[in-house]
Amino acid sequence: MTNRPQAADDGPGVGDHGGGVWSIPVPIPDNPLGHTLVHLIETDAGPVLIDTGWDDPASWQALADGLAACGTSVDALHGVVVTHHHPDHHGLSARVREESGAWIAMHPADAAIVRRTRDSDRRQWLGYLAEKLAAAGAPDSHTAPLRAALAQGRDGTLPGARAALPDREIEPNELLALPGRRLRAVWTPGHTPGHVCLHLEEQHPGREGSREGTRERGGQEGGAERSREGSRERQQAGRRGGRLFSGDHLLPTISPHIGLYEDPDSDEITDPLGDYLDSLERIARLRPAQVLPAHQHAFADARARVDELTAHHAERLSDLRALLSDRDLTPWQLAEAMRWNRPWEQIPFGSRNIAVAEAEAHLRHLVKLGHAEAVPGSAPVTYRATG
């Protein structure tokens, strides 16, 4: 790969981040996010993608054109590392594998969601969603379209059922098998149960001791000794900084959705917001020199962004506790009262479902902290403040 496209900060074009790392904007149809930043990392075994983008003909063409701008092609790809299962990240994985033979790696928790989606029937999911929303206090007017679809007997697969099952499992804290690179998986659950960030434990290009500027050269007296010492120094420096492919976990100005991803056949009570907050701290301790997210743009100072997101969720939890101190409320009523990027009346059907899931995620964390509890015998379930 020899072509050098425009600099990474020049806008939404293909970006060369240096050190064998590129970003390719892949469009998301009819979505205000605009595109997913698919990242390409060069390895000694061939180029590897981090995420693939949405499954759409225009998105596929954008990915292919972006790879060409990076001096490579789909059929040259060696592998795909998926940060999480959402369709704007995992959607094109199956086609990439079909065209290239590349392997696909994903955390097992998200692979389980992909498998469940592939095996589930649409009617089964509609029934589960209608019951879950009703239990959260959704009015009959909101669940009516779901029950109508059930009554009409619309079978079929769920959206995302074509998503590829991975060939490899990502092991948290392990280096991925990418020859010539040090890319470590960091499990960051919250946005999804199996979300991973990827820490490139190599110094940022252009800085002293960068990967390009410190390749060992043989044929000199004491070369092997210096090579080993240099390797240890680079590994230590990379762990102190390096670059972080953050997926949706850490974005420069957007707070990622924290909702519920539960198996309808499981009784496990999860705490996705607690998981997310713990994961944020894990990332802050890495102190990456640069963050390469899947949306918006690259940025520095991960610690500052982690502090902003932590404060955002602390404020939201405080607001919810104040609402519950006034009166008992269902998750639906809490979602109606929460602050969103537009008034509740303007939020469409599907987005309201997402909002209610986020309200429930915050409620669960309040309960875990001992600041709220479900009112015994309430149906739909209502919550009240405690402590």
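Miscellaneous remarks
- Annotation: of all residues in region 43-58 being in contact with a Pro (Cβ under 9 Å, 6 or more places away or on another chain) and surrounded by 23 or more Cβ atoms within 10 Å (Cβ to Cβ), the one that is nearest to Pro179 (Cα to Cα) is Gly53.
- Some residue of region 376-384 being in a loop (DSSP other than H, G, I, E, B), touching a residue at least 24 places away in the same chain (Cβ under 8 Å), open to solvent by less than 50 Å² (accessible area, probe 1.4 Å) and not hydroxyl-bearing (Ser, Thr, Tyr): yes
- Within this structure, Gln220 fails the test of being modelled with pLDDT under 95, farther than 29 Å from Leu363 by Cβ and in a helix (DSSP H, G or I).
- Test: residue in region 167-174 that is in contact with a Ser or Thr (Cβ under 7 Å, 6 or more places away or on another chain) and open to solvent by 10 Å² or more (accessible area, probe 1.4 Å): no
- Residue match in region 113-132 (condition: at pLDDT 95 or above and surrounded by 17 or more Cβ atoms within 10 Å (Cβ to Cβ)): no
- Restricting attention to region 175-202 and to residues that are touching a Ser or Thr at 6+ places or on another chain (Cβ under 8 Å) and among the charged types (D, E, K, R), the residue that is modelled with the highest pLDDT turns out to be Arg181.
- Residues in region 251-271 that are at pLDDT 80 or above and among the polar types (S, T, N, Q): Thr253, Ser255, Thr270.
- Residue in region 79-96 that is in contact with a strand residue (DSSP E or B) (Cβ under 7 Å, 6 or more places away or on another chain) and over 26 Å from Leu250 (Cβ atoms) present: no
- Residue pairs whose Cβ atoms lie under 9 Å apart, sitting 6 or more positions apart in sequence or on different chains, and linking a residue in region 283-299 that is under 13 Å from His249 (Cβ atoms) and open to solvent by 10 Å² or more (accessible area, probe 1.4 Å) to a partner that is acidic (Asp, Glu) and not in a strand (DSSP E or B), do not occur here.
The values are calculated or read from the model by the stated rules, or taken from the named source; none is laboratory data. Since this is a predicted model, take the numbers as computed values, not measurements. Cβ sites come from the backbone with ideal geometry, for glycine too, and all protein chains shown count toward neighbours. We work out accessible area using only protein heavy atoms, side chains counted, and drop any ligands, DNA or RNA first. Shrake-Rupley method; radii C 1.70, N 1.55, O 1.52, S 1.80 Å.
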